Amino acid sequence: MKLTDNVLRSFRVAKVFRENSDKINCFDFSSNGETVISSSDDDSIVLYDCQEGKPKRTLYSKKYGVDLIRYTHAANTVVYSSNKIDDTIRYLSLHDNKYIRYFPGHNKRVVALSMSPVDDTFISGSLDKTIRLWDLRSPNCQGLMHLQGKPVCSFDPEGLIFAAGVNSEMVKLYDLRSFDKGPFATFKLQYERTCEWTGLKFSNDGKLILVSTNGGALRVLDAFKGAVLHSFGGYNNSKGVILEASFTPDSQFVMIGSEDGKIHVWNAESGMKVALLDGKHTGPVTCLQFNPKFMTFASACSNMAFWLPTIDD
């Protein structure tokens, strides 16, 4: 089944899970698409089985809190940032609920965390105005970059370069093997005083970069030239909430939730809006991602919703 405008318009909520008492701040699909794991402001980590459509396990991180949870390449381990006590990143084995390693270094809240798609490297960005490069096998930071402002960062799909968004006005591209030499490309965008950047993602084909903000606008950039191809707006975000935007796995569509619980979908090439889906979310849709392997996506406020298409196009 191929994703088309009609298939996207046909998506409906198949299941809603009310495992959390507070906002789900992040979730991540496993690379095989079989599970999704969420972190919440209520300090819980919930693991869902996507095929059976049910929660499998709940773990807690009551002392340190949990945010920005990400699968590593092993399906039963995750890294996540802390939102209480300190700003250490933690590496957790889900199998026995034990920490494998800590990654100390940031001294303010971690606001970006991206796992390499190819190996054990990951990057983190913090309000301490640094981006750190890590290897899961060592607690010591492998590389450190000082920036002028709040960073957002992400790996490209090949794991060879990473992008850093700085000061909500420029995107810098670094080669992982020689990032200490500085960026090999810098794209300066028009600065918007009304909002700041909250996320950066590459499309799976590596051709596009999606910049999300805490305002009512998204931008899609050409990953090679830095030109803004589209600006998408028209969704509700009056309170400056961090709303996760995502590409579909085929790189053809861009989607984002909104304050009023609805989900907006655009064609990444034409820039046309193709769907407005109502997930009946009770709060802002803070997290939204498409399953990398199956024709389903998930959206979350304090509830988690799984969506399925209702037509075969």
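The values are calculated or read from the model by the stated rules, or taken from the named source; none is laboratory data. On a predicted model such as this, the values are computed, not experimentally measured, just so you know. Reconstructed Cβ throughout: ideal geometry from the backbone, glycine too, with neighbour counts over all protein chains shown. What goes into the accessible areas is simple: the full protein's heavy atoms, side chains included, and nothing from ligands, DNA or RNA. Shrake-Rupley method; radii C 1.70, N 1.55, O 1.52, S 1.80 Å.
Conditions (1) free of Cβ contacts under 8 Å to residues at least 12 places away in the same chain; (2) among the polar types (S, T, N, Q); (3) part of a loop (DSSP other than H, G, I, E, B); (4) surrounded by fewer than 15 Cβ atoms within 10 Å (Cβ to Cβ), marked per residue:
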site	(1), (2), (3), (4)
S38	no, yes, no, no
E52	yes, no, yes, yes
T58	no, yes, no, yes
I69	no, no, no, no
Open item on the list: I want to confirm something. Restricting to region 76-95 and keeping residues that are more than 22 Å from T35 (Cα to Cα) and over 21 Å from the mean Cα position of the chain (by Cα), which single residue is most open to solvent (accessible area, probe 1.4 Å)?
Closed with: I85
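So is D128 outside any strand (DSSP E or B), touching an Asp or Glu at 6+ places or on another chain (Cβ under 9 Å) and surrounded by 14 or more Cβ atoms within 10 Å (Cβ to Cβ) or not?
yes
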- [ ] Could you please find all residues in region 13-34 being out of contact with any strand residue (DSSP E or B) (no Cβ under 6 Å at 6 or more places or on another chain) and either open to solvent by less than 30 Å² (accessible area, probe 1.4 Å) or among the basic types (K, R) (or both)?
- [x] R18, K23, G33
Task: Residue among P139, P104, P151, P117 that is under 18 Å from the mean Cα position of the chain (by Cα), under 26 Å from G65 (Cβ atoms) and not polar (S, T, N, Q) - done: P151
Task: Test result for L200, surrounded by fewer than 22 Cβ atoms within 10 Å (Cβ to Cβ), assigned to a strand (DSSP E or B) and not hydroxyl-bearing (S, T, Y) - done: no
Task: Filter result for L47 (over 23 Å from V265 (Cα atoms), touching a Phe, Trp or Tyr at 6+ places or on another chain (Cβ under 9 Å) and open to solvent by 10 Å² or more (accessible area, probe 1.4 Å)) - done: no
Task: Residue list for region 152-197, restricted to those being open to solvent by 60 Å² or more (accessible area, probe 1.4 Å), out of contact with any Leu (no Cβ under 7 Å at 6 or more places or on another chain) and assigned to a loop (DSSP other than H, G, I, E, B) - done: E158, Q190, Y191, E192, R193, T194, E196
Open item on the list: Tell me the residue from K98, K108 that is free of Cβ contacts under 8 Å to residues at least 24 places away in the same chain, open to solvent by 40 Å² or more (accessible area, probe 1.4 Å) and in contact with a Ser or Thr (Cβ under 6 Å, 6 or more places away or on another chain), please.
Closed with: K108
